[in-house]
1. Let me spell it out: the conditions are (1) surrounded by fewer than 17 Cβ atoms within 10 Å (Cβ to Cβ); (2) in contact with a strand residue (DSSP E or B) (Cβ under 6 Å, 6 or more places away or on another chain), and Val12 meets all of them except one. Which number is the exception?
2. Mind telling me which of the residues Leu54, Leu100, Leu20 ends up being of a type outside the set (Gly, Ala, Ser) and surrounded by 21 or more Cβ atoms within 10 Å (Cβ to Cβ)?
3. Taking the condition surrounded by 13 or more Cβ atoms within 10 Å (Cβ to Cβ) and modelled with pLDDT under 95, does Val48 pass?
4. Can you give me the ranges of the strands (runs of 3 or more DSSP E) entirely in region 57-115 with at least 1 residues that are within 16 Å of Leu4 (Cβ to Cβ) and of a type in the set (A, V, I, L, M, F, W, C)?
5. Report yes if some residue within region 10-20 is of a type in the set (S, T, N, Q) and closer than 24 Å to Lys99 by Cα; otherwise report no.
Amino acid sequence: QVQLVESGGGLVQAGGSLRLSCAASAIRVSGNTMGWYRQAPGKQREFVAIITPLGTTNYPDSAKGRFTITRDKVSNTIYLQMNSLKPEDTAVYYCWYTKLGADYWGQGTQVTVSS
C-alpha cells in the first residue's frame, strides 16, 4: 500500500526558509512522477512543484525561483526546499503521487509564514 509521509512544516518569518520532506513507501520516488500541492484555508488545493522520472521539474510562477523539488533514491524521499517565504505561502502542503490515473496524497504538513 502506497504511503506518503510529510514532515518539516512549521512557523517561519517572512523571508525565511523551510525544507519539507516526503518519505514514500511501496513506490520508488525515482521511478514515478511526484510532487507537492498546497491548500490554504478557504482556497482550492493548488500545484506547487513536480518532478518526473527523468528528473524534469516544473513550478507555477508563484514558486519559480524560490522553491526547489528534489529527490533522494537512497532514502526514497522527495524534498521541497522553500526560500524567501511569504505570508501567502501559508498553507497545508501535501505530497502527491500519481499512477494510472489515480492520485495519492500524504496527510499534509502545515507551513505558516508570519509577516
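1. (1)
2. Details: Leu54 fails: surrounded by 21 or more Cβ atoms within 10 Å (Cβ to Cβ); Leu100 fails: surrounded by 21 or more Cβ atoms within 10 Å (Cβ to Cβ).
After ruling out the rest, the residue left standing is Leu20.
3. Details: surrounded by 13 or more Cβ atoms within 10 Å (Cβ to Cβ): yes; modelled with pLDDT under 95: no.
In short, no.
4. Working: elements: 67-72, 77-82, 91-99, 102-105, 109-114.
Hits in region 57-115: 67-72, 77-82, 91-99, 102-105.
5. no
Rundown of residues vs (1) more than 13 Å from Ile78 (Cβ to Cβ); (2) within 13 Å of the chain's Cα centre (by Cα); (3) part of a loop (DSSP other than H, G, I, E, B); (4) not aromatic (Phe, Trp, Tyr), yes/no style:
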position	(1), (2), (3), (4)
Leu20	no, yes, no, yes
Ala23	no, yes, no, yes
Arg38	yes, yes, no, yes
Gly42	yes, no, yes, yes
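Results for (1) open to solvent by less than 40 Å² (accessible area, probe 1.4 Å); (2) at positive phi; (3) at pLDDT below 95; (4) in contact with a helix residue (DSSP H, G or I) (Cβ under 9 Å, 6 or more places away or on another chain), shown as yes or no for each residue.
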residue: Asp72; (1), (2), (3), (4): no, no, no, yes
residue: Ile78; (1), (2), (3), (4): yes, no, no, yes
residue: Leu85; (1), (2), (3), (4): yes, no, no, no
residue: Glu88; (1), (2), (3), (4): no, no, no, no
residue: Val92; (1), (2), (3), (4): yes, no, no, no
residue: Trp96; (1), (2), (3), (4): yes, no, no, no
residue: Trp105; (1), (2), (3), (4): no, no, no, no
residue: Gln110; (1), (2), (3), (4): no, no, no, no
residue: Val113; (1), (2), (3), (4): yes, no, no, yes
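The values are calculated or read from the model by the stated rules, or taken from the named source; none is laboratory data. Computed from a predicted model, the values in this text were never measured in an experiment. Note that each Cβ is placed from the backbone with ideal geometry, even for glycine, and that neighbours are counted across all protein chains shown. The accessibility values were calculated without ligands, DNA or RNA, using every heavy atom of the protein model including side chains. Shrake-Rupley method; radii C 1.70, N 1.55, O 1.52, S 1.80 Å.
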